[in-house]
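A quick write-up on the structure given underneath.
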Amino acid sequence: MNNDTLIPLVGIITDVRQDTPDVKTFRVNALDGGKVFEHMPGQCAMLSIPGVGEAMFSITSSPTNKEYMEFSIKKCGCLTEWLHAMDVGQQITIRGPYGNYFPVETELKGKDLLFVAGGIGLAPLRSVINYVRDNRENYGDVQIVYGSRSKDDLVDYQEIIDEWMADDNIQVNLTIDNPQEGWDGHVGFVPNYVKELAPSINKTVLVCGPPIMIKFTLAGLKELGFTETQVYTTMELRMKCGVGKCGRCNIGNKYVCKDGPVFRYDELGALPDEY
Amino acid sequence: MLKIPAEKINDLFDRIAMQQTLYIPVDREDKAAEFKKYESGMTLSKALKTVRSAKDFFFPQTENLAEFKLSGKNIEVKDIRQENEDFVVFGVRACDAKSFEILDKVFLSDPVDTFYQNRREHGTIVTMACTRPEETCFCTTFGINPTVPGGDASVYFDGESYFFVPFTDKGKAFMASISDMLEEGDVSKLSEVQAKAREIMTRLPLANLTTDSFGGEKLMEHFNSEKWAELSEACIGCGTCTFVCPTCQCYDIRDFDTGNGIKRFRCWDSCMYSDFTKMAHGNPRTSQLERFRQRFMHKLVYFPANNNGEFGCVGCGRCLSKCPISMNIVKVMKALEDK
């Protein structure tokens, strides 16, 4: 019988990084080393601990990373609590990749890019950012606006400082919600910061974060003169199958697992506001 | 046309059951009909339709997907799939036969659901033409002709004999396996029975229901309709409509600790349930209005939007007779119709 996507593969946790008080980044390898499967930036995978649960997570590592996959996971429910208790060497089940991806090889190619992320919303965008960095000649200006509640809640802070901010070809703008000792950077919410920075309206925007942040960021971008066709986001709804059959992650007639998770804003605007 | 006299139908069932598993509709003690595995002596039900649809044969209410052995930090995945045995479902009505085509669009589209495909490949559907459609029937609304029910082979009953017509290779193989029990028959009375059934269909209360106001292009118009509040007001979210529906295919995947490993299974689920879309960080459908709307929008708008205008309802009428608050897709269609 042919393989069935509902029957998962097994991966092994080869590294665990405590990113923030409630976010850990897990490195996953196939049992014989290497990656369990290939993916494109923005795609997701179903991770599970049998007997605990299974859920969809964005793959935060770039496909250009040929050694392993990474998942940045916030502790917020049954399964994620269990995952946060894992040590290196723990095996998990994994299946995917699922969904579409940011159009890095088509629409985004040659464009000036603006990434806007809030909190754990950086996880799916990090895959694209590192893909773009590894294929830098294919893209124009790259600007990243990233914010979190506090300095301690910035996911991948070390990578941002050591690699992204050290990269002359990328502009990084960080912000935190409230003033904090030891922070001399920008303070304020992400949508306001984007408006203050007033990026060139030629840029193509990739945005991910809490729904409220996305909503105000989009409104701010429109004020600046951006159109909905310039903005991409990635969605999240409850999923069981990952392939558009179990029937629960639809927005109108689109399944987030299969037709998404990446949507251009004008596409999303044509669908019911039920997410 | 080849036929078998009514008094010999059990001989035929015995023959089929010798070769493969046979399911036929039989009457329960409460007179309601349900599909049962045939055992010698069982009587074919005369009911128009079974309480539950025939979707169980390909998409059972629960089925195991995989097993896991956990030891320390290690996980072993066991593929427990087995090639299904051949089986025959006899007496499927036109509405249920059509529902398999709708389920095919979901489960056989890429990536193929092998659990469903396995059953589908091994099952032979022998349909039975309707002779007396009921007042809850509205299959013709969806272009179904209950007197020509399709499937792999069809059976037509003229009151005295069962006439057989094969359509697919599976249906022809089925016919070949019973050909020595069939004889050539006169179809003149059958034509009368079919004419009578067609005449009944024109007089049914729902005969004039149309799908003209529905389809993918009506997405925002119907989603934003003010009628949903009143329509959904009394819905108790029991999910009965979903469970008796031949086309409802939403499922849940869950794990069960057997004490000796983990079994992962799937089971029918319902968009009418409050935790259907509930996540750790929230729920996009918090009210029964939203959940109620989802079910009907899926059948009348979303499904046709994704499937060249084909609707996700076959007009079997089960939800009409089973809903405890007497709400149903017909009332929804009439309320949303362009006036």
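The values are calculated or read from the model by the stated rules, or taken from the named source; none is laboratory data. Just so you know, these numbers come straight off a predicted model, no measurement behind them. Backbone-built Cβ (ideal geometry, glycine too); neighbour counts: all protein chains shown.
Which of the residues belonging to the stretch B:274-296 are more than 10 Å from chain A (Cβ to nearest Cβ) and hydroxyl-bearing (Ser, Thr, Tyr)?
Matches in the stretch B:274-296: B:274, B:286, B:287.
Among the residues of the stretch B:297-336, count how many are in contact with a Leu (Cβ under 9 Å, 6 or more places away or on another chain), within 13 Å of chain A (Cβ to nearest Cβ) and either part of a helix (DSSP H, G or I) or at pLDDT below 95 (or both).
The qualifying residues number 5.
Is it fair to say residue B:247 is within 14 Å of another protein chain (Cβ to nearest Cβ), hydroxyl-bearing (Ser, Thr, Tyr) and touching a helix residue (DSSP H, G or I) at 6+ places or on another chain (Cβ under 6 Å)?
Yes.
Is it the case, given these coordinates, that residue A:270 is away from chain B (no Cβ under 14 Å) and out of contact with any helix residue (DSSP H, G or I) (no Cβ under 7 Å at 6 or more places or on another chain)?
No.
Where in the stretch A:38-135 are the strands (runs of 3 or more DSSP E), entirely inside, with at least 2 residues that are closer than 24 Å to residue A:216 by Cα?
Those strands (runs of 3 or more DSSP E) span A:113-118.
Let's see how each residue does on (1) buried (at least 21 other Cβ atoms within 10 Å of the Cβ); (2) within 14 Å of another protein chain (Cβ to nearest Cβ):
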{"position": "A:68", "(1), (2)": "no, no"}
{"position": "A:71", "(1), (2)": "yes, no"}
{"position": "A:79", "(1), (2)": "no, yes"}
{"position": "A:89", "(1), (2)": "no, yes"}
{"position": "A:96", "(1), (2)": "yes, yes"}
{"position": "A:104", "(1), (2)": "yes, no"}
{"position": "A:109", "(1), (2)": "no, no"}
{"position": "A:113", "(1), (2)": "yes, no"}
{"position": "A:128", "(1), (2)": "yes, no"}
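Considering only the stretch B:213-236, state which residues are away from every other protein chain (no Cβ under 14 Å), in a loop (DSSP other than H, G, I, E, B) and surrounded by 15 or more Cβ atoms within 10 Å (Cβ to Cβ).
Once the filter is applied, which keeps residues that are away from every other protein chain (no Cβ under 14 Å), in a loop (DSSP other than H, G, I, E, B) and surrounded by 15 or more Cβ atoms within 10 Å (Cβ to Cβ), the stretch B:213-236 yields B:213, B:235.
Which one of the conditions (1) under 21 Å from residue B:311 (Cα atoms); (2) hydroxyl-bearing (Ser, Thr, Tyr); (3) surrounded by 16 or more Cβ atoms within 10 Å (Cβ to Cβ) does residue B:109 fail to meet, given that it meets all the rest?
Answer for residue B:109: the failing condition is (3).
Among the residues of the stretch A:219-248, write down those that are more than 8 Å from chain B (Cβ to nearest Cβ), assigned to a loop (DSSP other than H, G, I, E, B) and under 18 Å from the mean Cα position of the chain (by Cα).
Hits for the stretch A:219-248 are A:235, A:239, A:242.
Being in contact with a helix residue (DSSP H, G or I) (Cβ under 6 Å, 6 or more places away or on another chain) and surrounded by fewer than 21 Cβ atoms within 10 Å (Cβ to Cβ) narrows it down to one residue among B:305, B:280; which is it?
Residue meeting the stated conditions: B:305.
For a quick check of your reading of the model, give me the residue pairs whose first member lies in the stretch A:1-30 and is free of Cβ contacts under 8 Å to residues at least 24 places away in the same chain, whose second is in a loop (DSSP other than H, G, I, E, B) and among the hydrophobic types (A, V, I, L, M, F, W, C), with beta-carbon atoms closer than 9 Å and at least 6 apart or on different chains.
Cβ pairs passing all conditions: A:2/B:112; A:4/B:112; A:30/A:36; A:30/A:37.
Could you list, in sequence order, all residues of the stretch A:196-218 that are part of a loop (DSSP other than H, G, I, E, B) and not small (Gly, Ala, Ser)?
Matches in the stretch A:196-218: A:199, A:201, A:202, A:203, A:210.
Test residue A:38 against the criterion of being within 21 Å of the chain's Cα centre (by Cα), more than 9 Å from chain B (Cβ to nearest Cβ) and not hydrophobic (A, V, I, L, M, F, W, C), and give yes or no.
Here the answer is yes, as residue A:38 does meet what is asked.
Please verify whether residue B:190 is out of contact with any Pro (no Cβ under 8 Å at 6 or more places or on another chain) and buried (at least 18 other Cβ atoms within 10 Å of the Cβ), treating the condition exactly as stated.
yes
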